[in-house]
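Notes for the one structure printed next.
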Amino acid sequence: MPMEEGRSRVVIEGVAPEIDCGRYPIKRVVGDKIGVEADVFTDGHDSLSCVLLYRPAGADRWTKTAMAALVNDRWRGEFRVTELGEYQYTLEAWVDRFKTWRRDFAKRVDAGQDVAVDLLIGADLIEATIERAGADAPQLTRFGDLLRSGGHEALQAAQSDELTDLMSRHAGRLFVTKYKRELGVWVDRMKARFSTWYEFFPRSFGTDGQHGTFKDAEETLPYVARMGFDVLYLPPIHPIGRSFRKGRNNTAAAGPGDPGSPWAIGAEEGGHKAIHPQLGTLDDFRRLVDRARQHGIEIGTDIAFQCSPDHPYVKEHPEWFRRRPDGTIQYAENPPKNYQDIYPFDFETEHWHELWEELLSIVRYWIDQGIRIFRVDNPHTKPFPFWEWLIGEVRRDYPETIFLAEAFTRPKVMYRLAKLGFSQSYNYFPWRNTKSELMAYFTELTRTEVGEFFGANLWPNTPDILPEALQIGGRPTFMARLILAATLGASYGIYGPAYELCVNQPLEIGREEYRDSEKYEIKQWDLNRPDSLSSLIARVNAIRHENPALQSNADLRFLHTDNEEIIAYTKIADDQSNQILTVVNLDPHYVQSGWLDLPLEDLKLDPRHPYQLHDLLSDNRYLWQGPRGYVELNPRTVPAHIFRIRRKVRTEQDFDYYL
């Protein structure tokens, strides 16, 4: 084993953030400031210097920024990411001879000791630096001469901040220890962190029960925009297979008018690169994408890598599917459920390379049509290496692309998919209902290492999932879960119009599936129903867009309340200019009240002065003072407060107002 440089005495360890020993990048969005900490120490009592190095991946040179010592050999530094794509960062540290000399010199002066020799040592260190100081060389020369001259001026010069800054800038870095890993950051656009999703089936927006089209979907865009959604997600828009087509409520036999599940992709009209003819043409789809953009909405489409028995791939590439002993192709199963209308790909085929390339071409095809957001169906049923490769290939040319993993699966699987590149993911929010469940889960998502790579997108319902809480809690629970999703998470979505119309009839008691599911039939929705939650949704989404604190998960803090049915939490913008306190009644049946404790120090509030809580939902305003406050919430009206915390400001005219 070759001998390393034995004079590099500094140890760097405990670097954070660092995911799986640097195997995976952390995630940020453009404009973020990244804080990096590490344990940095050496033998003996010498002083150290430590710098954080960072660069866009592929750049030749590192940018360096000094790290500051905290306590117990912990150091911290920061850098900002300013462009899409991958960054790298690492650390360097060394025994700093001048800093050690400067520290010990000050101690000797304070102790009244003779420092004549120490001044000469300092002068030697300065003069050794002059040749690499460039424009600062004359200043360093002057300081070296002053130290050699001795006397009072020498003492002042030796301890001056100017000399310390000059030496910090140019001092030699002998026997530098560089951290053994170059760590990664994937930098997304802001929508990867903060987005508001709405899902609907275009085929349900025709007139008089007819199959809807993209042009009908265009007519619905103003409705979606008024509610404040900026992503419109469409289930698969491809031709639907006829063989083994499912009927209403997922029955095995379809009737003559049953449209089938959009996830049974492929028919004689084409496959994953084709459009269902009843929806319209490719030009119609492109027009929908453009019109949505004019409303401030980005279209996201579904990527479901599976086929109906009628998909062209089944005939053209039978080697991509697994066959059973009787010669038939293995259809999808999740016992006791059977999906005879869907054939999964066999990712263990000998022809896996060709399969991967074809699936990548599907994503690229829709990128060519203007799509940059993909909701990926069941990614946890496909190999991890495939997703790492596909997402990497796409991002190399289109780093703005966002992938949402529809992965209701085990935590480690969800987290692995996120590490591999998925920008956002479905998660366990639909089944976290009690105060303790919500606090524990969102503490895990935001206050542990998980928050460095996992982008939670909170969905209180989906076409597949009607949680029990919505079934039994009715309208109050629909309101509460909406507000929880919109304020706990920077990204959230709803499946509508089922959500705003509070559709909550299960297929049967004990099952979290919709009766008369839209997956298997064309629905008719009355968007103008007076009991719709659309106005509440619009207000909540406006609050999200107006308050930067709600556009990140980094500073979510839960507060103590003395009632287990009331949950309270704060979010604070980086610059403290925007502070949001959300309080939610989790009981859909009864008025709940209680006292909550506000962390005044964290909120930078003076306990001697009153502050205002402005309820952004009702526009009511309340004056509080001190750390405790009383709340009371009726689930039948609005079961929550979304407060903006405002401080008292006194103008030059001696007029008080709250900012």
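Relative to the longest principal axis of the Cα atoms of the chain, the long axis of helix 534-546 makes an angle of roughly 20 degrees. For the chain, the antiparallel share of DSSP beta bridges with both residues in that region comes to about 70%.
When only alpha carbons of segment 497-648 are considered, Rg and Dmax amount to 18.5, 61 Å. Highest-first packing order for the peptide set 534-545, 387-398 is 534-545, 387-398, based on the mean count of other beta carbon atoms within 10 Å.
On the basis of the beta-carbon distance and an R0 of 22 Å, K107 and S160 show a calculated FRET efficiency of 0.85. In segment 504-617, taking the dipole from charged Cβ atoms about the Cα centre, the farthest positive-side position among P530, T570, L559 is held by P530.
Charging the Cβ of each Asp and Glu at -1 and of each Lys and Arg at +1, and nothing else, the dipole of segment 96-151 about its Cα centre rounds to 160 debye. Surface composition of the chain: carbon and sulfur atoms hold 49% of the protein heavy-atom accessible area at a 1.4 Å probe. Computed log10 I(q)/I(0) for the chain at 0.07, 0.09, 0.11 Å⁻¹: -0.59, -0.87, -1.14, from the Debye equation with unit scatterers placed on every C-alpha and solvent omitted. Judged by the mean number of other Cβ atoms found within 10 Å, the most tightly packed of the peptides 350-363, 369-382 leads the ranking 369-382, 350-363. Per residue, segment 450-534 exposes 31 Å² of accessible surface when a 1.4 Å probe is rolled over the protein heavy atoms with every protein chain present.
Using the 1.4 Å probe convention, the accessible area of segment 264-413 works out to 45 Å² per residue with neighbouring protein chains retained. Take segment 57-195 with all the other protein chains still there, run a 1.4 Å probe, and you get 54 Å² of accessible area per residue. When a/c reaches 1.5 or more, the comparison of a/b and b/c decides; with that in mind, is segment 434-478 rounded, prolate or oblate per its Cα gyration tensor? Cα axes put segment 434-478 in the oblate bin.
Within straight-line reach of K107, meaning a Cα separation under 18 Å, sit the following lysines at least 8 residues removed in sequence or on another chain: K99. Expressed as a fraction of 2.2 N^0.38 Å, the value expected for a compact globular protein of N residues, the C-alpha radius of gyration of segment 40-173 is 1.23.
Across segment 349-496, the convex hull enclosing all Cα atoms gives 127 Å³ per residue.
Entry for segment 38-111 at q = 0.18, 0.28 Å⁻¹: log10 I(q)/I(0) = -0.78, -1.26, Debye formula applied to identical alpha-carbon scatterers, no solvent contribution.
The values are calculated or read from the model by the stated rules, or taken from the named source; none is laboratory data. Since this is a predicted model, take the numbers as computed values, not measurements. So basically every Cβ, Gly included, is an ideal-geometry build from the backbone, and we count neighbours across all protein chains shown. Surface accessibility is based on the protein's heavy atoms, side chains included, excluding ligands, DNA and RNA. Shrake-Rupley method; radii C 1.70, N 1.55, O 1.52, S 1.80 Å.
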